[in-house]
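Undergrad: Below is the structure I would like to discuss, written out as structure tokens.
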Amino acid sequence: MQDVTFIDGGSLPVPEGVTRDWFKAAAESRAEDEKLFSLVREAFQRKIDVGVHVPTYPQYRDMIGQFLDIIKDEKNCYEPYALKEENAKILELEIIDEVAKRYKEETGKTLEVRVCVAGPTDLYLQAFGTSMFRDAYHYMAMNIDRFVRKAFETAKNFKIRTIALDEPSLGMNDRIQFFDPDIVSALTLASTYARQQGADVEIHLHSPLKYKVVCETPINVIGVEYAATPSYLDLFDREYLEASGTYVRLGVSRTDIGNLIGAINEKYEVNAWKEKEYMQKIVTEMETPEVIKKRLETACAVLGDRIRYASPDCGLAFWPDQELAFKLLENTAKGIDAFNAENRGKE
């Protein structure tokens with residue numbers, strides 16, 4: 001079995017002293033580039049330092065808004081909601097290129113990066129609600145394709161290993177009106193170019209209920225939140241995955257911070273939101289490298305070499321602070337690395 005690659009979800013708690021609103025304003029106005037660039041580069045470097053194999057650019061902005069705001073701005077489009085490719089920029093990729101350049105100079109290796117973009121379904125739901133307009137859905141998929149193309153153009157000092165489409169509504173939102181062929185068409189348009197470039201395309205689904213629909217598209221990696229919901233493993237058919245050439249990205253460390261803190265509160269009869277020293281128990285007693293390694297072992301017994309990537313369940317935007325978030329990333333790295341080392345020893 002090949003080593004399992006550690007990727008992260010992208011989002012982080014904002015650094016102390018700034019807000020998400022500040023990041024949004026700074027990215028749009030470009031009035032404070034020095035501070036913006038420094039904060040993004042520092043967090044990206046730290047992801048590398050704690051052991052993320054294929055890091056995602058630090059996501060401090062709203063996942064959907066980051067893309068939809070550009071699409072909705074008429075000056076960026078040649079007609080409403082039809083984005084010009086030259087305007088389909090992910091600023092954070094331009095910012096992290098300097099870190100990748102330094103990484104190459106210091107190690108002699110090209111850094112592999114995961115690029116996360118909002119999926120066409122979630123973009124559509126945010127822009128148009130649940131009414132079914134196939135042309136608009138097609139436009140959203142076409143716009144994502146343009147962001148993906150521009151991302152590859154931007155990657156001068158790093159290699160895009162994975163494009164991730166964030167589509168938590170698929171399998172979770174029962175108000176989606178589109179039929180499966182519509183979804184297959186949109187996901188195919190959004191993923192084809194990246195696959196042609198040799199990159200993996202992951203879809204981040206909170207639930208794998210619709211994974212067989214995804215298997216009909218060029219998307220070849222399905223990401224699910226297994227750590228918090230182990231029963232999701234039972235929904236996969238390994239033979240179906242093998243027949244369709246599809247792999248899995250498993251969440252192996254929990255990110256549902258409210259539930260984690262609730263468990264701490266109950267166990268120690270405290271309010272960890274106020275007595276913050278108790279929050280450390282999340283990473284010293286609950287989400288430890290040993291627990292994470294065990295989850296991966298359990299999943300491997302079911303899915304075997306269909307597991308290509310492992311990560312925290314989701315992003316870490318709503319965690320209390322960066323220190324706790326980076327400690328979870330570090331524990332996840334240690335758990336995955338220990339799993340890989342043990343598997344290599346069996347060969």
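Undergrad: Between a first residue in region 253-269 that is among the small types (Gly, Ala, Ser) and a second residue that is in a strand (DSSP E or B) and open to solvent by less than 20 Å² (accessible area, probe 1.4 Å), which pairs have beta carbons less than 9 Å apart while being 6 or more apart in sequence or on different chains?
TA: Listed by first residue and then by second, the contacts come to SER253/ALA310; SER253/SER311; SER253/PRO312.
Undergrad: Before we move on, is GLU42 assigned to a helix (DSSP H, G or I) and either loosely packed, with under 15 Cβ neighbours inside 10 Å or at pLDDT below 95 (or both)?
TA: Yes: the conditions hold for GLU42.
Undergrad: I'd like to check something: does region 119-129 contain any residue that is in a loop (DSSP other than H, G, I, E, B) and either among the β-branched types (Val, Ile, Thr) or in contact (Cβ under 8 Å) with a residue 40 or more places away in the chain (or both)?
TA: Among the residues of region 119-129, at least one is in a loop (DSSP other than H, G, I, E, B) and either among the β-branched types (Val, Ile, Thr) or in contact (Cβ under 8 Å) with a residue 40 or more places away in the chain (or both), which makes the answer yes.
Undergrad: A follow-up question, please. What pairs can you find where one residue is in region 39-61 and at positive phi, the other is part of a helix (DSSP H, G or I) and open to solvent by less than 20 Å² (accessible area, probe 1.4 Å), and their Cβ atoms are less than 6 Å apart, with a gap of 6+ or different chains?
TA: As it stands, the answer is GLY51/ALA333, since those pairs meet every condition given.
Undergrad: Out of the residues in region 56-69 that are assigned to a helix (DSSP H, G or I) and open to solvent by less than 40 Å² (accessible area, probe 1.4 Å), state the one that is farthest from GLU42 (Cα to Cα).
TA: The extreme case among them is LEU68.
Undergrad: If ASP321 meets every condition in (1) at pLDDT below 95; (2) open to solvent by less than 10 Å² (accessible area, probe 1.4 Å) apart from one, which number is that one?
TA: Every listed condition holds for ASP321 apart from (2).
Undergrad: Further, regarding this structure: Restricting to region 191-212, count the residues that are under 18 Å from LEU235 (Cα atoms) and in a helix (DSSP H, G or I).
TA: 2
Undergrad: From the list LEU111, LEU83, LEU12, pick out the single residue that is farther than 30 Å from ALA299 by Cα, open to solvent by less than 40 Å² (accessible area, probe 1.4 Å) and not β-branched (Val, Ile, Thr).
TA: Going through LEU111, LEU83, LEU12 in turn, the sole match is LEU83.
Undergrad: Can you name the number of the only condition in (1) within 23 Å of the chain's Cα centre (by Cα); (2) farther than 27 Å from TYR60 by Cβ; (3) of a type in the set (Gly, Ala, Ser) that ALA243 fails?
TA: Tallying (1) within 23 Å of the chain's Cα centre (by Cα); (2) farther than 27 Å from TYR60 by Cβ; (3) of a type in the set (Gly, Ala, Ser), ALA243 fails exactly one: (1).
Undergrad: Sticking with this structure for a sec: Among the numbered criteria (1) open to solvent by 20 Å² or more (accessible area, probe 1.4 Å); (2) assigned to a helix (DSSP H, G or I); (3) touching a residue at least 12 places away in the same chain (Cβ under 8 Å); (4) charged (D, E, K, R), which one does GLU34 miss?
TA: Among (1) open to solvent by 20 Å² or more (accessible area, probe 1.4 Å); (2) assigned to a helix (DSSP H, G or I); (3) touching a residue at least 12 places away in the same chain (Cβ under 8 Å); (4) charged (D, E, K, R), GLU34 violates only (3).
Undergrad: Just to be sure I understand, how many residues within region 156-183 are modelled with pLDDT of 95 or more and either more than 30 Å from VAL99 (Cβ to Cβ) or hydrophobic (A, V, I, L, M, F, W, C) (or both)?
TA: Total satisfying the criteria: 5.
Undergrad: Moving to a separate point now. Being on the phi < 0 side of the Ramachandran plot, buried (at least 21 other Cβ atoms within 10 Å of the Cβ) and not in a helix (DSSP H, G or I) narrows it down to one residue among LEU296, LEU316, LEU329; which is it?
TA: Criteria check complete, one pass: LEU316.
Undergrad: Out of all the residues in region 240-267, which are open to solvent by less than 10 Å² (accessible area, probe 1.4 Å) and either of a type in the set (A, V, I, L, M) or farther than 15 Å from CYS314 by Cβ (or both)?
TA: Once the filter is applied, which keeps residues that are open to solvent by less than 10 Å² (accessible area, probe 1.4 Å) and either of a type in the set (A, V, I, L, M) or farther than 15 Å from CYS314 by Cβ (or both), region 240-267 yields LEU241, THR246, VAL248, LEU250, VAL252, LEU260, ILE261, ILE264.
Undergrad: Which of the residues spanning region 179-232 are charged (D, E, K, R), open to solvent by 10 Å² or more (accessible area, probe 1.4 Å) and in contact (Cβ under 8 Å) with a residue 40 or more places away in the chain?
TA: Result: ASP182, ASP200, LYS210, GLU225.
Undergrad: Also, I was wondering about something else. Would you point out the residue of region 192-215, among those that are of a type in the set (D, E, K, R) and modelled with pLDDT under 95, that is nearest to PHE179 (Cα to Cα)?
TA: LYS210
Undergrad: What about ALA272, is it open to solvent by less than 40 Å² (accessible area, probe 1.4 Å), part of a helix (DSSP H, G or I) and over 21 Å from GLU167 (Cα atoms)?
TA: No.
Undergrad: Name the pairs: first residue in region 87-102 and part of a helix (DSSP H, G or I), second residue small (Gly, Ala, Ser), Cβ to Cβ under 6 Å, at least 6 apart or on different chains?
TA: LEU91/ALA27; LEU93/ALA151
Undergrad: If the Cβ limit is 6 Å and pairs must be 6+ apart or interchain, which residue in region 291-315 that is over 17 Å from ARG238 (Cα atoms) and without any contact (Cβ under 8 Å) to a residue 60 or more places away in the chain pairs with which residue that is open to solvent by 30 Å² or more (accessible area, probe 1.4 Å) and of a type in the set (A, V, I, L, M, F, W, C)?
TA: Close Cβ pairs (under 6 Å, with a partner that is open to solvent by 30 Å² or more (accessible area, probe 1.4 Å) and of a type in the set (A, V, I, L, M, F, W, C)) amount to LYS293/ALA338.
The values are calculated or read from the model by the stated rules, or taken from the named source; none is laboratory data. Remember, predicted model here, so these are calculated numbers, not experimental data. FYI the Cβ positions are ideal-geometry reconstructions off the backbone, even for glycines, and counts take in every protein chain you see. Ligands, DNA and RNA are excluded from the accessible area calculation, which covers all protein heavy atoms including side chains. Shrake-Rupley method; radii C 1.70, N 1.55, O 1.52, S 1.80 Å.
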